[in-house]
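Throughout, read-outs are computed from the coordinates displayed, never taken from laboratory work. Everything numeric here is computed off the predicted structure, so don't read it as measured data. For neighbour counting, all protein chains shown are included, and Cβ atoms are generated from backbone atoms with ideal geometry for every residue, glycine included.
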Amino acid sequence: MTDNKILKTGTTCVGIVYKDGIMLAADKRTTFSGSIVANAKSLKIRQVADHVAITTSGNVSDIQLYYENA
């Protein structure tokens with residue numbers, strides 16, 4: 001990669017473990033082809049059960065199917 005090219009890799013999802021639990025964070029933008037914003041308010045963190053949550057990135061169809069059937 002040369003200095004004048006910027007590599008864009010997609011969604012940012014972060015999980016932080018602390019003394020009393022965890023914190024999940026993710027951006028909200030959904031893009032098409034990496035640069036066109038398709039939705040600026042996507043839900044990328046979902047609670048599946050009392051102590052289980054998932055974050056989404058990339059092709060989200062598998063995660064959506066899992067979440068809907070959990």
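Starting from the 7 Å offset along Cα-to-Cβ, what nm value, one decimal, do you get for the label separation of VAL37 and LYS5?
For the pair VAL37/LYS5, the computed spacing is 2.7 nm.
Net charge within 13 Å of LYS44 by Cβ-Cβ distance, Lys/Arg positive one each and Asp/Glu negative one each, not counting LYS44 itself?
Surrounding charge for LYS44 is +3.
What are the aspartates and glutamates whose alpha-carbon lies under 13 Å from the alpha-carbon of LYS41, with same-chain residues fewer than 8 places away excluded?
Reachable aspartates and glutamates: ASP27.
Straight-line reach from LYS5: which lysines have Cα under 26 Å away, leaving out those fewer than 8 places along the same chain?
LYS28
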